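To start, the structure under review is shown below, and the notes come after it.
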Number of protein chains: 2
Amino acid sequence: MASSVQSKRVRKTPEERRTEIVSAAAAIALTEGLECITVRRVADELAVRPGLIGHYFPVTEDLVAEAFGVAATAELDELIPAGRPTDGPVERLARFFSLTVGESYDGVSRLWLNARHLSRYRPTLADRVARQEALWRNRLSGLIREGTEAGVFHTDDPMETAVQILVVLDGLGAHANTDRGDRSPTVANMAVTTAERELDLQKGSLLTLMSAPGTHRAH
Amino acid sequence: MASSVQSKRVRKTPEERRTEIVSAAAAIALTEGLECITVRRVADELAVRPGLIGHYFPVTEDLVAEAFGVAATAELDELIPAGRPTDGPVERLARFFSLTVGESYDGVSRLWLNARHLSRYRPTLADRVARQEALWRNRLSGLIREGTEAGVFHTDDPMETAVQILVVLDGLGAHANTDRGDRSPTVANMAVTTAERELDLQKGSLLTLMSAPGTHRAH
DNA sequence: CACGCTATTGGATGTGCGACCAATAATCAA
DNA sequence: TTGATTATTGGTCGCACATCCAATAGCGTG
């Protein structure tokens, strides 16, 4: 009982330890940024020695890429849950937007900003970013396609519409690290407006469905 | 003549040396990135000793912020020249877009991406970014206001329209470090489309004016 | 010409990083 | 119980960075 640091070493299965490491790294990626994922930082997050991280990830860049992938996938699953939907396309799209306009989405914006910039120097991460972009595109365009087939959305090219929405979302998210305070409602709702226009929905129809969750900004 | 390194030390006026340093740093910012602005890197760019940089910029972060400001201002002056205009608002806006869709604009996109991310950790840079954003907003909204007063553009709020255009531009620029290859014309021209829509211009009217400069992508 | 100012040099200090490796001990099979 | 496997430790190495400082030498002033 003399020392708070653990004297006995705990030995886990490689799989368990590995996911533990990646999870810790993903958490750091979201809260502090991808460049804070360092061998030492992750190590004392898990109360192990730095060398152990290097044992599972001999090249740190691989851990960074993996952490981004896990974090981004988790966020996407929150925005547009995969699997059998319980709601209709309109409700699911409204959910998506209500989550993306909230301030809690700033963390996600920061992560993407972070990853996109860091991709300039880390090819492994660049690959992961490209894969995640495809994942997000596909998930959103899938939702849109569902809606068009159900007759509630109208667009010739669901993928193109999805990309347009994501571009606007990226543009809004670019300011996650700076001002973002003095934003007019028109600008703040640009993504929703884009969706309503490109999907041929009535103006404000999506917006009115978005009041359900706790974190929204009606302004 | 035995040594290629300079044996004699050159002594310049503080103003001259200072601008020299900032210019070198700005060039590095555009080509390699803001985190490559290091005391040593700038020093051997100018063939001086690292200590000299520290003499003019005791805190390196200040040099980084200054370099970004200079680089961004220079780019803006290229996109929307200040001073007495020789062309009309429509031509100037067309020039703006023809320069922003070209691949040569990727460098600028990268710079903004870089600065916006780095602002997360460097408050001094964050201030500079905020000021530059205001500068860009004002310059573009000024141009739009000119056009509305001349009766060629139609919008109730030139500033809001300017911000909308810039948001789309930021969204498109987010991918400057990754793919950006498989982009449909619709997506590639989103910023122009936004302008035409928000300024109540005829569809394609701006686009057709954009063929002049060498670097454009009609797709 | 001599002197003072200071731009510029050369070097030191301390930090954090990724990568590497031999020694140790936990776990499981024989 | 014994032994092999390997997860985990503890430490080292070299590198790049920002910051600080005393010594040096250009250049203008007297």
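The values are calculated or read from the model by the stated rules, or taken from the named source; none is laboratory data. Remember, it's a predicted structure, so these values are computed and weren't measured experimentally. We place every Cβ from the backbone using ideal geometry, glycine too, and count neighbours over all the protein chains shown.
Computed values, structure above
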| item | result |
| --- | --- |
| Residue list for segment B:170-203, filter: more than 7 Å from chain A (Cβ to nearest Cβ) and part of a helix (DSSP H, G or I) | B:G173, B:P185, B:A188, B:A191, B:V192, B:T193, B:T194, B:A195, B:E196, B:R197, B:E198 |
| Qualifying residue in segment A:114-130 (condition: within 16 Å of DNA strand C (Cβ to nearest atom), closer than 25 Å to B:V187 by Cβ, surrounded by fewer than 19 Cβ atoms within 10 Å (Cβ to Cβ) and within 14 Å of chain B (Cβ to nearest Cβ)) | yes |
| Lone unmet requirement of (1) touching a helix residue (DSSP H, G or I) at 6+ places or on another chain (Cβ under 8 Å); (2) at pLDDT below 95; (3) surrounded by 14 or more Cβ atoms within 10 Å (Cβ to Cβ) for B:L99 | (2) |
| Residue within segment B:120-133 that is within 21 Å of B:A195 (Cα to Cα), modelled with pLDDT of 95 or more and aliphatic (A, V, I, L, M) present | no |
| Scope segment B:6-20; condition more than 13 Å from DNA strand D (Cβ to nearest atom) and either without any contact (Cβ under 8 Å) to a residue 12 or more places away in the chain or touching a helix residue (DSSP H, G or I) at 6+ places or on another chain (Cβ under 9 Å) (or both); matching residues | B:E15, B:R18, B:T19 |
| Flag if A:A27 is away from chain B (no Cβ under 14 Å), more than 30 Å from A:R92 (Cα to Cα) and more than 8 Å from DNA strand C (Cβ to nearest atom) | no |
| Selected residue [farther than 18 Å from A:T38 by Cβ, away from every other protein chain (no Cβ under 11 Å) and buried (at least 19 other Cβ atoms within 10 Å of the Cβ)] from A:V64, A:V108 | A:V108 |
| Residue list for segment A:50-90, restricted to those being at pLDDT 95 or above, more than 22 Å from A:T13 (Cα to Cα) and more than 12 Å from the chain's Cα centre (by Cα) | A:E61, A:A65, A:P81, A:P89, A:V90 |
| Segment A:144-156, residues that are under 24 Å from the mean Cα position of the chain (by Cα) and either facing another protein chain (nearest Cβ under 8 Å) or among the charged types (D, E, K, R) (or both) | A:R145, A:E146 |
| Among (1) farther than 19 Å from A:R110 by Cβ; (2) assigned to a helix (DSSP H, G or I) - the single one B:T86 does not satisfy | (2) |
| Among the candidates A:T19, A:T31, A:T13, residue that is among the β-branched types (V, I, T), at pLDDT 95 or above and within 23 Å of A:D127 (Cβ to Cβ) | A:T19 |
| Residue match in segment A:82-90 (condition: more than 22 Å from A:A27 (Cα to Cα), among the acidic types (D, E) and away from DNA strand D (no atom under 16 Å from the Cβ)) | yes |
| Segment B:37-85 - residue that is in contact (Cβ under 8 Å) with a residue 40 or more places away in the chain and among the aromatic types (F, W, Y) and, of those, nearest to DNA strand C (Cβ to nearest atom) | B:Y56 |
| Of all residues making up segment B:142-169, the number that are charged (D, E, K, R) and not in a helix (DSSP H, G or I) | 2 |
| Hey, A:L52 away from every other protein chain (no Cβ under 14 Å), more than 16 Å from DNA strand D (Cβ to nearest atom) and not in a loop (DSSP other than H, G, I, E, B) or not | no |
| Answer from A:A176, A:A126, A:A188 - the residue that is out of contact with any helix residue (DSSP H, G or I) (no Cβ under 8 Å at 6 or more places or on another chain), of a type in the set (A, V, I, L, M) and farther than 20 Å from A:D87 by Cβ | A:A126 |
